[in-house]
Each structure stands twice: as C-alpha cells, then as structure tokens.
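Asks: First the structure, which I've put down as structure tokens, then a few questions once you've had a look.
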Amino acid sequence: VGSEMCIRDRYELTTFCTGVIAKDKNGVIMHGRNLDFFYQDIVANLTAHVNFYKNGVFLFKAEVIVGSVGILTGYKPGVFGISINQRPGGGFTSSLMNILRGRGWPVSYWLRYVLTNAETYDEALKMLSEQRLAAGVYYVLSGINEGEGVIITRSTQKIDYLKFLSESEDWFIVQTNSDEGVHCDRKEMTEKHLNQLGQENLSLDTLLNDILSAEPTRFNATIYSIAYSARLDDASYRQWY
C-alpha cells in the first residue's frame with residue numbers, strides 16, 4: 001500500500017504549471033491551465049478527459065492522470081472550476097510523511113473532494129481555504145459570475161495570500177510557481193501576452209492558442225494545455241506529447 005501511495009502522490013508533488021483566470025468583454029470567466037510535468041512520455045500517455053458520476057448522477061468533468069486518485073484540473077459546469085499549481089517548499093519527503101502520518105489531505109485528493117461536494121463557488125472557496133493539507137499549494141479557482149476568480153496561496157495549515165480577480169487592476173490574474181511579488185519570467189511573459197491579446201479578443205480558443213501555447217508559458221515540460229469556462233460548459237484542449 002505504501003509504495004502504491006508513493007507512486008500516485010508523486011503526480012501532485014512534482015508538477016509545476018501555469019494558471020490563468022480572465023474575463024472577456026462580456027464578463028464571461030475563463031480558466032486556462034498548462035500542466036507541466038517531467039517524464040512527459042509516460043505521463044502524456046496516461047492523461048484522459050473524464051466525466052465523474054456518483055450513483056448515476058453527474059458530478060464534474062476533469063483532466064486526469066490514469067492511476068492517480070487525485071485530480072489536478074476539473075470543473076463543475078455552471079458552478080466553478082479548479083486547478084492546482086505546485087508551491088515550492090517542503091519537498092516530496094516532507095509532503096509524503098505528512099500524508100502517511102495523517103497530517104493533512106493530499107492537495108489533489110482535496111481538490112477532488114471539493115469538486116464532488118461543493119455546490120457553490122463560495123463553498124468551494126471556503127473548503128479550499130480551511131482544510132489542513134499535506135503540502136503547500138496554489139489553488140486557482142474560477143466561478144461563473146463576473147469577478148469570481150481567486151488564487152489561493154496555501155501552506156499546510158492556513159491561507160498565506162488571496163488574490164482576487166475582482167480586486168485586480170487587470171481583467172486577468174496569473175499564477176505560476178512563485179509567491180506573489182517573487183520574480184518569475186513565465187508569469188511576466190504570460191501577463192505580457194494577455195495584454196497584447198486584449199480583453200476584446202479573449203475567447204477559449206485565443207486563451208489556448210495565443211496565451212497557453214506561447215513560450216515560455218508552454219515549455220518542454222508542458223504535457224497539455226486547456227482553456228475552459230464553467231459558465232459556458234465548454235473547453236479547448238491541446239496535448240503536446
């Protein structure tokens with residue numbers, strides 16, 4: 001059991017990623033995500049689009065890595081969407097020991113729990129903010145109403161920072177793998193490309209092709225890119241391996 005858990009949980013503990021939440025000129029919220037992961041040839045062949053049901057009732061949609069119980073990207077149509085970015089610090093060994101000792105949920109398991117059980121954006125925000133976790137993480141949460149978008153910077157036991165779309169001077173917020181205020185070329189170039197695109201030209205296709213697919217937002221560890229909207233229940237997707 002221990003070795004199986006180690007293999008499964010390495011998915012969530014060695015990912016990198018870029019997350020974008022943006023609103024178009026009509027106020028429609030869109031969520032973009034690049035999954036960056038080493039061992040691309042192996043992981044790419046294990047990715048799948050899955051609709052989740054419980055007792056015959058539809059719950060949510062997700063991009064999954066087959067064999068992993070946790071989820072890194074998913075959305076509940078008409079309600080909200082969530083993705084995970086790795087946060088530096090702690091390391092694989094510390095996170096694994098927290099899991100084995102019951103000191104917090106694995107971050108991707110908790111994302112799956114929230115997708116399964118939260119019925120509103122506000123409920124998802126509360127759940128992602130309060131649960132004790134096995135590792136620090138960036139949760140990127142998007143809703144369906146104008147202004148519903150937030151990056152939740154988490155340590156194992158508390159929120160360290162919240163960045164809300166509604167409080168941003170721009171029409172978008174971006175998260176890579178650095179804390180707020182820490183220089184990151186990938187984040188700065190993603191923001192530059194969004195400004196070059198312009199809010200009036202934002203769509204799921206342009207978010208995918210002009211932002212998530214552009215270097216250095218996409219780089220040699222990027223497995224897939226996805227742009228989706230929980231409000232529209234629509235997605236654009238590209239796999240790179």
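The values are calculated or read from the model by the stated rules, or taken from the named source; none is laboratory data. No experiment lies behind these values; they were computed from the predicted model shown. Methodologically, a virtual Cβ is constructed for each residue, glycine included, from the backbone with ideal geometry; neighbour enumeration extends over all protein chains shown. Quick note on the areas: whole protein, heavy atoms, side chains included, nothing else; ligands and nucleic acids left out. Shrake-Rupley method; radii C 1.70, N 1.55, O 1.52, S 1.80 Å.
Asks: Please check: in the Gaussian network model of the chain (C-alpha springs, under 10 Å), which one of Val69, Val182, Val43 has the largest mean-square fluctuation.
Replies: Largest GNM mean-square fluctuation: Val182.
Asks: Which of these, Val79, Val57, Val66, has the largest mean-square fluctuation under a Gaussian network model of the chain (Cα springs below 10 Å)?
Replies: Result: Val57 has the largest fluctuation of those listed.
Asks: Express the accessible area of the chain per residue in Å², computed with a 1.4 Å probe while the remaining protein chains stay in the model.
Replies: Working: 10520 Å² over 241 residues.
On a per-residue basis, the chain sits at 44 Å².
Asks: Still on this structure, I have one more. Test of understanding: in a Gaussian network model of the chain with alpha carbons linked when under 10 Å, which of Ser225, Ser83, Ser178 would top the mean-square fluctuation ranking?
Replies: Maximum fluctuation in the GNM of the chain, among the listed residues, is at Ser178.
Asks: Find, to one decimal place in angstroms, the Kirkwood hydrodynamic radius of the range 142-235, where the mean of 1/r is taken over every pair of different Cα atoms and then inverted. Show your work: numbers first, answer last.
Replies: Values: mean 1/r = 0.0690 Å⁻¹.
By the Kirkwood definition, the hydrodynamic radius is 14.5 Å.
Asks: Calculated FRET efficiency, Cys184 and Tyr53, Cβ-Cβ r, R0 41 Å, to nearest 0.05? Please report the intermediate quantities before stating the final value.
Replies: Numbers: r = 38 Å, r/R0 = 0.93.
Working from the Cβ atoms, E equals 0.60.
Asks: Could you give the length gained by full extension between Glu123 and Arg238, i.e. 0.36 nm per residue of separation minus their alpha carbon distance, to one decimal place? Mind dumping the intermediate values first?
Replies: Values: separation 115, 0.36 × 115 = 41.40 nm, distance 3.04 nm.
Using 0.36 nm per residue and subtracting the Cα-Cα distance, I get 38.4 nm.
Asks: Which one is right for this structure if log10 I(q)/I(0) by the Debye sum over Cα atoms at q = 0.09, 0.10, 0.11, 0.12 Å⁻¹ is calculated from it: (i) -0.51, -0.61, -0.70, -0.79; (ii) -0.33, -0.41, -0.50, -0.60; (iii) -0.38, -0.48, -0.58, -0.70?
Replies: So the structure-derived entry is (ii).
Asks: Mind putting a number on the dipole of the chain about its Cα centre? Charges go on the C-beta only, +1 for Lys and Arg and -1 for Asp and Glu, and I need it in Debye to the nearest 20. Don't jump to the answer; show the numbers that get you there.
Replies: Values: 23 positive and 28 negative charges, 173 e Å.
The calculation lands at about 820 debye.
Asks: Going down the list Lys25/Lys126; Lys61/Lys192; Lys76/Lys187; Lys126/Lys163; Lys25/Lys192, which pairs span over 21 Å between their C-alpha atoms?
Replies: Details: Lys25/Lys126 28 Å; Lys61/Lys192 30 Å; Lys76/Lys187 26 Å; Lys126/Lys163 14 Å; Lys25/Lys192 18 Å.
Where the Cα-Cα span goes over 21 Å, the pairs concerned are Lys25/Lys126; Lys61/Lys192; Lys76/Lys187.
Asks: First compute the accessible area of the chain with a 1.4 Å probe, then give the percent of it belonging to carbon and sulfur atoms.
Replies: Values: 5090 of 10520 Å².
After summing per-atom areas, the C and S share lands at 48 percent.
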